[in-house]
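K.L.:
Can you keep this structure in mind? I'll have questions shortly.
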Amino acid sequence: MKDKARSVTNHAALFRVCIKSSEAAGLDEIRISVPRAKEILRDLEILKSAIESPSVMPHQSRLDTIFGNQIRVIDEAVSKLI
């Protein structure tokens, strides 16, 4: 949950600075780079999926899945031996 809060705080700070800079320059738009916009979009999609299904970890890695499967197989094999 701390990661989600940190992400929101970072994005809010970014937009706050962009807005203040644009207002100070008399502009009616803000500009951010495409890579930064993609990073923000990715973070927002992770936040959205965490809100929609909080029990699912959106950032669960492939290695976690593989090792989880290995643990399950080992547990099944041990239970058959006992």
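The numbers here are math on the coordinates, done by the rules we state, and not lab data. Note that this is a predicted model, so its numbers are computed, not measured. Because the Cβ atoms are built from the backbone with ideal geometry, glycine has one as well, and the counts that use them run over all protein chains shown.
K.L.:
Please list, in order along region 17-26, the HN-Hα scalar couplings obtained from phi with the Karplus expression 6.51 cos²θ - 1.76 cosθ + 1.60 (θ = phi - 60°), rounded to whole Hz, x for Gly and Pro.
P.N.:
Along region 17-26, the couplings run 5, 4, 5, 4, 5, 5, 5, 5, 8, x Hz.
K.L.:
Sticking with the crude label model, points 7 Å out along Cα→Cβ, report the distance from ASP3 to ASP28 in nm, one decimal please.
P.N.:
The two pseudo-label positions are separated by 4.1 nm.
K.L.:
Here is a further query. Multiply the residue separation of SER21 and VAL78 by 0.36 nm, subtract the distance between their alpha-carbon atoms, and state the gained length in nm to one decimal.
P.N.:
14.2 nm
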